[in-house]
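Please read the structure below before turning to the comments.
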């Protein structure tokens, strides 16, 4: 990914109402979050959705140790499935929601695909503030590139990571399957951030996540 492509993406995202920060690595992403973004938000209730990039920064580990805030944990192997669904519903009303993005286009669109829809639901509406941690490998040329990247790269690898029995987990490419464990159910394309500044993006100049 060239620096020129990255600059075009940042310019487009900013023009589309996203608040964009660029850092060199995951350590700087963590520092930026805790030194600048987090203090401004003054969040009392925080939640998150699955993101390898966000977890790689160490932000989540530090938040889990912060006794000053209430955390809605939407991943808990000891909790009944019904409780997890309810927590994910509650997470739509938090002060701050953290996650990543499957793809971002050079023209400044966020593109995501969910199994349940709680992650893209929270990015789009509900939480007062959203922070996305995005590696530079998620930048694609256009919407077609985003869809191809998600269906034939991110989704198969995520299905495999979660030990799901889907055709893509085996072959590494989309089969548009009817598997009961299919994770490709709900698409989201965000052209512009509304209201402007609600979504902050930390663009990391590393290849992170899937």
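Structure notes:
- Rotationally averaged projected area of segment 47-124 (alpha carbon convex hull; nm²): 5.9 nm²
- Each of 124, 101 was scored by other Cβ atoms within 10 Å of its Cβ. Arranged with the fewest first, they read 124, 101.
- When Rg and the Kirkwood radius Rh are both evaluated on Cα atoms of segment 25-64, their ratio Rg/Rh stands at 0.94.
- Rounded FRET efficiency, nearest 0.05, which uses the C-beta distance separating residue 75 from residue 177 and R0 of 25 Å: 0.55
- Stretching the chain fully between residue 196 and residue 148 yields a gain of 14.5 nm (0.36 nm per residue, less the alpha carbon separation).
- Of (1) 65, 48, 35; (2) 46, 44, 29; (3) 61, 57, 34, the label for Cα extents along the principal axes in Å derived from the coordinates: (2)
- Cα shape, segment 82-131, gyration tensor, a/c 1.5 rule: oblate
- With a simple spin-label model that places each label point 7 Å from the Cα along the Cα-to-Cβ direction, the separation between residue 189 and residue 35 comes to 3.8 nm.
- For residue 89 and residue 160, the FRET efficiency from 1/(1 + (r/R0)^6), where r spans their Cβ atoms and R0 equals 35 Å, is about 0.80.
- Cut-off 11 Å, label 7 Å out along Cα→Cβ of residue 44, residues of segment 52-79 by amide N: 70
- Order of 199, 189, 37, 120 - criterion: other Cβ atoms within 10 Å of each residue's Cβ, fewest first: 189, 37, 120, 199
Every number in this text was worked out from the coordinates using simple rules, so none of it is lab data. Note that this is a predicted model, so its numbers are computed, not measured. Neighbour counts run over all protein chains shown; Cβ positions are idealised from the backbone, glycine included.
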